[in-house]
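Below: the structure, in structure tokens.
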Amino acid sequence: MSSRGWPAPSWLGRLFRFGITGLMATTIHVMVAVSLISRLGVLPYVANPIAFVIATSFSYATNTLWSFSSQLSRRTLWPYACVSIFSCLATAAISAAADAAHLDYRIGILLVIMIVTPVNFVLHNVWTYRASR
């Protein structure tokens, strides 16, 4: 049982919810970044970090409460933030490696999705939310 009295989702249920949350967070990031850039004239290198913080905040709340049936707390916030920073750095490294290999940028994006997403799920499953199950 979760802290709210709901049955805690299975590993597969957590994975499914994590995926849905990721799609929603990605949509939020894109919408915020595009709005800031196209409507307010904010430079992309300023708009994207703002969009990242907003989308990551949504992702933390939704993954904590829904995907992993846990509680919002410092105990989950700090590991979540560490995994998010790691993910950002890994995304940049994979993208740079794909670029250095002269791969199409879409291959780099696909590699990020195939590598970073499952690593994020595993890190959150075994570290961020381990004590909440």
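What follows is calculated from the coordinates using simple rules that are stated; it is not laboratory data. Just so we're clear, the structure is a prediction, and the values are computed from it rather than from any experiment. No Cβ is skipped: glycine too gets one built from the backbone with ideal geometry, and neighbour counts run over all protein chains shown.
Worth pointing out:
- Taking helices (runs of 4 or more DSSP H) as the structural unit, those lying wholly within the range 28-133 and holding at least 2 residues that are among the hydroxyl-bearing types (Ser, Thr, Tyr) and within 13 Å of the chain's Cα centre (by Cα) correspond to 44-62, 74-100.
- Number of the exception - Ile37 against (1) buried (at least 19 other Cβ atoms within 10 Å of the Cβ); (2) touching a Pro at 6+ places or on another chain (Cβ under 7 Å): (1)
- Selection of the range 119-133 for residues being more than 23 Å from Ala51 (Cβ to Cβ) and loosely packed, with under 15 Cβ neighbours inside 10 Å yields Val122, Val126, Trp127, Arg130, Ala131, Arg133.
- Pairs with Cβ under 9 Å, 6+ apart, first in the range 104-129 and in contact (Cβ under 8 Å) with a residue 60 or more places away in the chain, second hydroxyl-bearing (Ser, Thr, Tyr) and part of a loop (DSSP other than H, G, I, E, B): Thr128/Ser70; Tyr129/Ser69; Tyr129/Ser70
Rundown of residues vs (1) closer than 11 Å to Tyr129 by Cα; (2) crowded, with 16+ Cβ neighbours inside 10 Å, yes/no style:
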position	(1), (2)
Phe58	no, yes
Ala61	no, no
Phe68	yes, yes
Arg74	no, no
Pro79	yes, yes
Cys82	no, no
Cys88	no, no
Ala93	no, no
Ala98	no, yes
